[in-house]
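*Asks:* Before we start, here is the structure in question, set down as structure tokens.
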Amino acid sequence: MRTQVAIIGGGPSGLLLSQLLHRAGIDTVVLERQSRDYVLGRIRAGVLEWGAVEMLREAGVGKRVDAEGLPHDGTYIATRNRGFRIDFRRHTGQQVMVYGQTEVTRDLYAARDAMDGKVIHGVEGVTIHGADTDAPHVTYTLDGTGHRLDCDFVAGCDGFHGVSRKTIPASVLKEFERVYPFGWLGVLSETPPVSHELIYAQHERGFALCSMRHAALARYYVQVPLTDKAEDWSDDAFWAELKRRIPADAAETLITGPSIEKSIAPLRSFVAEPMRWGRLFLVGDAAHIVPPTGAKGLNLAVSDVHYLYHGLVQHYQGEDEGIDRYSERALARVWKSERFSWSMTTLLHTFPERNAFEHRMQEAELDYLESSDAAQASLAENYVGLPY
Ligand code: FAS
Ligand code: PHB
């Protein structure tokens, strides 16, 4: 089999890249190791930058997010039993869109089906060959049969644990990492969200986040030690801990209910450079991970796709400036989002090893944010998304 762009990974970045390229007349094949149901069963991101919404519209996948997404003009930050609001609209003129990654992925799969896009599920043993030559190819097995896919380029959209990044020689690849000494225990419940906007709560017992998917589906998180397991937490224990960490007025009105999903996600900051090796491009989580505190993971995957999509379209029109500068351009935005996600995580979480002085610094940082319009404008412009 032959295609122009072989895409490894059928998560949001692989599907969005495939959809955009197909609409531009460029042939792709997506190779995904899991089933579609498995991919759709993963509960992950909840907030889209406006730039990401515009990318979905450009891909012809904007209808449902425009109809069902929840535009938010701001968010709350809470500390020591009081909250204050960061007004995105006043500081930036922009909003964010609350719309779950599951729905983004569902919409992208539907669009791929409508265009008869080639997405192959259940592949195993994906291996990239000749990425540093002019004739790369990918091999894989499907139902025990070996296959070869010849291509012009390979897009590694296969996430943090994928094969793409590992294909780049250690002598070429530079990795930067910070692993945080805690995780997020997340719960989905078919209850009305406690607040019409998100609440990011700093508390000495640990961070908490009140979010949502829609008016009847709430999403909550509490910071937990890395040694915890989701099954260690009963629903009652989760709700009691969440109520301890958010302001009293929110805790009093919180409507609890049975969890329909409960999982723990570890937190790390990670970047791999470069994001290109020969004819292999790394995209999204294959190249970088952010702690979800800044709601940047999915949004960075989308901006990577933006740079690579335009670069590949230009290539097939005879101009290689876009693909030649892909890594430089993508990393410039990645590092700024890494900084923001790291700063939000440092500001809002309880670090076991933090001493008394560092604890005071955290409180002073929050007091400064509460009192300074300039500090709030800075948080707002990062949260809604820096320019592509
Ligand atoms: P993905 O990991 O989504 O997709 C990669 C795909 O490649 C997967 O479907 C995988 O099955 C496939 N794959 C892997 N190896 C393969 C191989 N060898 N062959 C074929 N296919 C292969 N971001 C936020 O903004 N907010 C959040 O709250 C948030 N929560 C998260 C919770 C968890 C547990 C995780 C892991 C991530 C979370 N993220 C969050 C980040 C997340 O949303 C990612 O940024 C987003 O999924 C990135 O999309 P992709 O780059 O497409 O990678
Ligand atoms: C979510 O709703 O899952 C969510 C929202 C904002 C974040 C992280 C996760 O920063």
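*Asks:* Out of the trypsin sites (Lys or Arg not before Pro) in region 32-125, which ones are loop residues according to DSSP with at most 14 other C-beta atoms within 10 Å?
*Replies:* 42, 80
*Asks:* Taking 0.36 nm per intervening residue step and subtracting the Cα-Cα distance, what contour gain separates residue 141 from residue 116 on full extension?
*Replies:* 6.8 nm
*Asks:* On full extension of the chain, what length is gained from residue 353 through residue 27, given 0.36 nm per residue of separation minus the C-alpha to C-alpha distance?
*Replies:* Net length gain for the segment: 112.2 nm.
*Asks:* Using the Cα atoms of region 88-174 to build a convex hull, what is its mean projected area in square nanometres?
*Replies:* Average projection, Cα convex hull of region 88-174: 9.7 nm².
*Asks:* Next up: Grab the DSSP H runs of the chain that are 4 residues or longer, score each as -39,500 (n - 2.57), total them, divide by all residues and round the 222 nm result to the nearest 500 deg cm²/dmol.
*Replies:* -11500 deg cm²/dmol
*Asks:* Here is a follow-up. In nm, to one decimal, how far is the residue 339 label point from the residue 248 one, both placed 7 Å along Cα→Cβ?
*Replies:* It works out to 4.0 nm between the two label points.
*Asks:* I need the fraction of alpha carbon pairs in region 254-344 separated by more than 21 Å, rounded to a whole percent.
*Replies:* Of all Cα-Cα pairs in region 254-344, 41 percent lie more than 21 Å apart.
*Asks:* For the chain, go through all pairs of different Cα atoms, get the mean of 1/r, take its inverse, and jot down that Kirkwood value in Å.
*Replies:* It works out to 21.7 Å.
*Asks:* Excluding ligands, DNA and RNA, what is the solvent-accessible area per residue of region 192-284 at a probe of 1.4 Å, expressed in Å²?
*Replies:* Ligands and nucleic acids excluded, the figure is 41 Å² per residue.
*Asks:* Mind listing which GluC sites (Glu not before Pro) in region 141-225 are in a DSSP loop and have 12 or fewer other Cβ atoms within 10 Å?
*Replies:* 190, 204
*Asks:* So if we plug the beta-carbon distance of residue 196 and residue 332 into 1/(1 + (r/R0)^6) with R0 = 30 Å, what FRET efficiency do we get, rounded to 0.05?
*Replies:* 0.30
*Asks:* Can you give me the distance in nm between label points at residue 81 and residue 170, each placed 7 Å from the Cα along the Cα-to-Cβ direction?
*Replies:* Reported label-point gap for residue 81 and residue 170 is 5.4 nm.
*Asks:* At 1.4 Å probe size, what's the solvent-accessible area of residue 264? Round to the nearest 10 Å².
*Replies:* Looks like 50 Å² after rounding.
*Asks:* With a 1.4 Å probe and all protein chains left in place, how much of the accessible area of region 1-118 comes from carbon and sulfur atoms, in whole percent?
*Replies:* 46
*Asks:* Given a 1.4 Å probe and the protein chains all in place, what does the accessible area of residue 289 round to, in Å² to the nearest 10?
*Replies:* For residue 289, solvent-accessible area is about 30 Å².
*Asks:* Label 7 Å along Cα→Cβ of residue 372; region 334-355 residues with amide nitrogen under 20 Å?
*Replies:* 336-349, by backbone N distance to the label point.
*Asks:* Right, something else. Kindly write out, for region 336-345 in residue order, the coupling ³J(HN,Hα) from the Karplus curve 6.51 cos²θ - 1.76 cosθ + 1.60 (θ = phi - 60°), rounded to whole Hz, with x marking Gly and Pro.
*Replies:* 5, 6, 4, 4, 5, 5, 5, 5, 5, 5
The values are calculated or read from the model by the stated rules, or taken from the named source; none is laboratory data. A quick note: this is a predicted structure, and the numbers were derived from the prediction, not measured. Positions of Cβ are generated from backbone atoms using ideal geometry, with glycine treated the same way; all protein chains shown enter the neighbour counts. SASA here: full protein model, heavy atoms, side chains in, ligands and nucleic acids out. Shrake-Rupley method; radii C 1.70, N 1.55, O 1.52, S 1.80 Å.
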